[in-house]
Amino acid sequence: MDSRLSRRDFLRLSGLTTLGAALKPPPPQDLAHPAGLGRVTTSWIGIYNEPSFKAKQLLKLTRDQLVTLLSSETADDGPKHNPLWYRVSDGYAHSGYLQLVRWQPQRPVLNLPPEGSVFEVSVPFTRSYRKPDSTSDPLYRLYYQSTAWVEACVVGVDGREWYRLVDDLLKLRYHVRAEHMRWIEPSELAPISPEIPLASKRIEVSIARQELRAYEEDRLVLRTRISSGIPDDQPGENGVPTATPRGRFYIDKKMPLRHMGDGHVTADLEAYELPGVPWVSFFHFTGVAFHGTYWHTDFGRPKSHGCINMRTEEAKWLYRWTLPEPLPAERLRIGRGTTVVVT
């Protein structure tokens with residue numbers, strides 16, 4: 001069966017009918033070639049006997065559980081904004097709170113530039129600690145494709161290499177196992193289409209369609225689904241509405257990572273703390289930005305506190321494509337840049 005085949009097409013092609021016959025899950029595929037590995041990004045998700053929230057719930061998976069994804073399927077029952085489901089060993093899981101992850105341990109980088117460098121988490125998740133010692137106070141759990149600024153590589157009490165990170169918001173120093181972080185080489189951050197003048201690049205965001213389009217003159221170079229701010233114009237606890245502002249703006253600040261959330265030092269996995277939000281391109285004075293997202297994949301409906309949530313690889317592309325142009329060694333770049341139109 002095609003991994004993206006709709007349920008209706010599968011019924012037709014397999015010769016089954018819906019007249020009183022319950023469709024059983026397809027036979028297992030070769031487990032040596034699964035669709036990927038998923039991490040549960042929220043408190044829990046359900047596993048159902050069919051790819052539908054109306055189906056029988058068989059069990060729950062809790063935060064940070066890893067599950068082998070056998071195949072993907074576009075379900076007729078939706079939900080409409082995101083009808084992608086995954087078949088797993090015990091049934092079906094909706095894709096909205098499953099992050100595709102990999103296990104890619106790295107060789108530690110021993111000699112870092114004096115100013116440090118940006119790294120990304122290369123394993124499903126890793127715990128950080130106050131000291132290069134897993135018996136010291138635990139801090140944030142860092143997740144796949146989140147980014148961090150590494151100041152130095154040090155030897156821990158276990159005799160292995162650890163990286164010392166600096167939190168951009170709290171200026172807190174803490175540590176993580178070096179093999180769990182991948183160095184972002186400068187070549188990965190090379191500008192995209194630098195020959196295109198500033199006036200010829202623009203980004204258009206449609207709140208109604210939950211869609212972003214990027215143009216060079218009239219040529220469409222990126223089109224993707226996003227999640228904008230929850231539509232509430234009343235100020236939240238931080239005094240800023242959660243609705244994404246509409247109007248004409250300019251990207252004026254860029255950071256390869258940003259600690260978002262309440263700004264507390266905690267080891268609580270349920271706390272509203274998002275250290276290392278990757279590839280952040282700000283366009284509004286309240287802090288609204290385009291950025292990568294590792295806490296959900298449910299694009300196509302509003303979910304944020306005002307920012308434009310994007311797939312991490314697409315946010316990185318946008319970070320490289322837009323102006324102002326950041327240097328690889330910069331933690332902050334300021335300047336009037338690419339036009340952003342939100343309607």
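Miscellaneous remarks
- Among Ser52, Tyr144, Thr68 the positive-end extreme of the charge dipole of the chain (Cβ point charges): Ser52
- Within a Gaussian network of the chain (alpha carbon springs, distance under 10 Å), most fluctuating of His264, His94, His175: His264
- Computed lengthening from Phe53 to Ser206, 0.36 nm per intervening residue step minus Cα-Cα distance: 52.3 nm
- Net charge over other residues, Cβ less than 15 angstrom from the Cβ of Asp268 (K, R count +1; D, E count -1): -2
- Think of each Lys and Arg Cβ as +1 and each Asp and Glu Cβ as -1; about the Cα centre, that makes the dipole of the range 189-342 roughly 480 debye.
- Loop-located GluC sites (Glu not before Pro) in the range 64-159 (DSSP state not H, G, I, E or B) with no more than 14 neighbouring Cβ atoms inside 10 Å: Glu115.
- Once the chain from Glu270 to Leu169 is taken as fully extended at 0.36 nm per residue, the excess over their C-alpha distance is 34.4 nm.
- Shape of the chain, Cα gyration tensor, a/c cut at 1.5: oblate
- Alpha carbon centroid spacing (whole Å) that separates the range 288-303 from the range 55-86: 18
- Against the chain, whose longest principal axis comes from its Cα atoms, helix 312-321 is set at around 50 degrees.
- Shown for Glu211, Glu188, Glu314: other C-beta atoms within 10 Å of each C-beta, ranked fewest to most, produce the order Glu188, Glu211, Glu314.
- By the rule of a C-alpha distance below 25 Å, with chain neighbours fewer than 8 residues away ignored, the lysines paired with Lys253 are Lys171, Lys201, Lys303, Lys316.
- Selected from Gly78, Gly276, Gly236 as most flexible by GNM, with the chain as the system and alpha-carbon contacts under 10 Å: Gly236
- Glu211 sits among other residues whose Cβ lies under 10 Å from its own Cβ, and their net charge, with Lys and Arg +1 and Asp and Glu -1, is +3.
- When each of Val157, Val166 is scored by the number of other beta-carbon atoms lying within 10 Å, the sequence from fewest to most is Val157, Val166.
- Three-way shape call for the range 85-212 based on the alpha-carbon gyration tensor, with the a/c threshold at 1.5: oblate
- Exposure proxy ranking, count of Cβ atoms within 10 Å, fewest first, for Leu222, Leu139: Leu222, Leu139
- Most mobile of Thr322, Thr147, Thr135 in a GNM of the chain (Cα contacts under 10 Å): Thr135
- Those aspartates and glutamates that a straight Cα-Cα span of less than 19 Å connects to Lys54, excepting residues fewer than 8 apart in one chain: Glu73, Asp76, Asp77, Asp90, Asp298
- Between the residues Ala289, Gly300, Val221, the greatest Cα displacement towards the positive end of the dipole of the chain, with unit charges on the Cβ of Lys, Arg, Asp and Glu, is found for Gly300.
- Ordering His175, Phe249, Gly276 by Cα displacement along the dipole of the chain toward the positive end leaves Phe249 in first place; charges were set at the Cβ atoms of Lys, Arg (+1) and Asp, Glu (-1).
Read-outs throughout are calculated quantities, based only on the coordinates presented, and are distinct from any laboratory measurement. Computed from a predicted model, the values in this text were never measured in an experiment. Cβ: placed from backbone, ideal geometry, glycine included. Neighbour counts: every protein chain shown.
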